[in-house]
1. Express in Å², to the nearest 10, the accessible area of Lys116 obtained by rolling a 1.4 Å probe over the protein heavy atoms while all chains stay in place.
2. With a point put 7 Å past each Cα toward its Cβ, work out how far Glu80 is from Asp64 in nm, to one decimal.
3. Where only protein heavy atoms count, and the probe is 1.4 Å, what is the accessible area per residue for segment 28-167 in Å²?
4. Can you work out the FRET efficiency for the pair Asn48 and Asn117, with r the C-beta to C-beta distance and R0 = 41 Å, to the nearest 0.05?
5. Could I have the simple spin-label model distance between Ile99 and Ser41, label points 7 Å from Cα toward Cβ, reported in nm to one decimal?
6. Please go through the residue pairs Lys119/Lys157; Lys65/Lys94; Lys59/Lys116; Lys94/Lys157; Lys97/Lys157 and name each one whose alpha carbons sit more than 24 Å apart in this structure.
7. Give me the extension gain from Arg158 to Ser143: residue separation times 0.36 nm, minus the current Cα-Cα distance, reported in nm with one decimal.
8. When a/c reaches 1.5 or more, the comparison of a/b and b/c decides; with that in mind, is segment 30-133 rounded, prolate or oblate per its Cα gyration tensor?
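The values are calculated or read from the model by the stated rules, or taken from the named source; none is laboratory data. Given the structure is predicted, the values throughout are model-derived calculations rather than measurements. No Cβ is skipped: glycine too gets one built from the backbone with ideal geometry, and neighbour counts run over all protein chains shown. Just the protein is used for accessible areas: all its heavy atoms, side chains included, with ligands, DNA and RNA removed. Shrake-Rupley method; radii C 1.70, N 1.55, O 1.52, S 1.80 Å.
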Amino acid sequence: MKHFFYLLFFTVLLSSCGGSKNTSRTYRETTTSTTSQAGSSASINIVNRAKSFEGVRYKYGGMDKRGMDCSGLVYTCFQEENITMPRISRDMAKQGKRIALNQISAGDLVFFQTNKNRKVINHVGLVVDRKDGEVFFIHSTTSRGVIISSLNENYWKRAFVEVRRVI
């Protein structure tokens, strides 16, 4: 029975907050950024708060610099602006309004299904920038912790479900 719980725990761990494959692209911030065009000071603050966690290791259920999971990152950053969000990514996907990908801006949330056997949203990221048609989002992956990735990466393109605007 003990082995069953260990197996169940590791299955959940590996399927939550999608482990990012090694990617050929890395995000490099430039001085011209759409973050400043996000529209509200709340979204700018949320994005900046999220970036302060870049490099933090992954920890299931984590919500601070000692370790962070994907929904913990979003929850913590929105909480900083006194915006209460659900703690689980699939519940976060019910907040705000669904918008078209071409309307995306910094502060929006992107949702993914990283486990194709389970047709549920299990990963969330926060859009930090949009440049030349490419969308960059910050999130926490099991393999690399809190990183910035591109929606153009094949892994994320295939797993993408929707984008939602909460603020």
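1. 100
2. For Glu80 paired with Asp64, the spin-label model returns 1.6 nm.
3. Values: 6680 Å² over 140 residues.
Ligands and nucleic acids excluded, the result is 48 Å² per residue.
4. For Asn48 and Asn117, the calculated efficiency is 0.65.
5. That separation, rounded to one decimal, is 2.0 nm.
6. On the way: Lys119/Lys157 16 Å; Lys65/Lys94 27 Å; Lys59/Lys116 22 Å; Lys94/Lys157 21 Å; Lys97/Lys157 21 Å.
With Cα atoms farther than 24 Å apart: Lys65/Lys94.
7. On the way: separation 15, 0.36 × 15 = 5.40 nm, distance 1.83 nm.
Roughly 3.6 nm would be gained on extension.
8. Details: a/c = 1.57, a/b = 1.20, b/c = 1.31.
Oblate, since a/c reaches 1.5 and b/c is not below a/b.
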